[in-house]
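The values are calculated or read from the model by the stated rules, or taken from the named source; none is laboratory data. Keep in mind that this is a model prediction, so the values were computed, not measured. Positions of Cβ are backbone-derived with ideal geometry, glycine not excepted, and every protein chain shown enters the neighbour counts. Protein only, heavy atoms only, side chains kept; ligands, DNA and RNA dropped before computing areas. Shrake-Rupley method; radii C 1.70, N 1.55, O 1.52, S 1.80 Å.
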Amino acid sequence: MNEGRDPFVSSLASHLNKRLTRLAEERDIKLERLLDKSVELLLEYMEDNELINDHVKLNNVEAINKNNEIIQQSRQILNKY
């Protein structure tokens, strides 16, 4: 085994390759086609997930800003008393 490679990553890659090979054989699909489609779907998922993460981050920033406004208003009210 390469010393530079993480054993988990190596075993995961090997496991995925075995599963995809078996799936290709079971469904009578060319392995290359299945691998291409798998990568394509994974990239789409990652892009969708990134969009969701960006949306959540934006909402979090908006919520933080709103909370900071409320805190500031509360401090102003408390300082009056």
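Values as computed for the structure displayed
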read-out: Every pair of residues 6+ apart whose Cβ atoms lie under 7 Å, when the first sits in segment 66-81 and is modelled with pLDDT under 95 and aromatic (Phe, Trp, Tyr) while the second is loosely packed, with under 10 Cβ neighbours inside 10 Å and in a helix (DSSP H, G or I); value: none
read-out: Conditions (1) open to solvent by less than 80 Å² (accessible area, probe 1.4 Å); (2) assigned to a helix (DSSP H, G or I); number of the one not met by residue 18; value: (1)
read-out: So residue 74, is it in a helix (DSSP H, G or I), open to solvent by less than 100 Å² (accessible area, probe 1.4 Å) and touching a Leu at 6+ places or on another chain (Cβ under 9 Å); value: no
read-out: Residue 27, sole failed condition from (1) at pLDDT 90 or above; (2) surrounded by 10 or more Cβ atoms within 10 Å (Cβ to Cβ); value: (2)
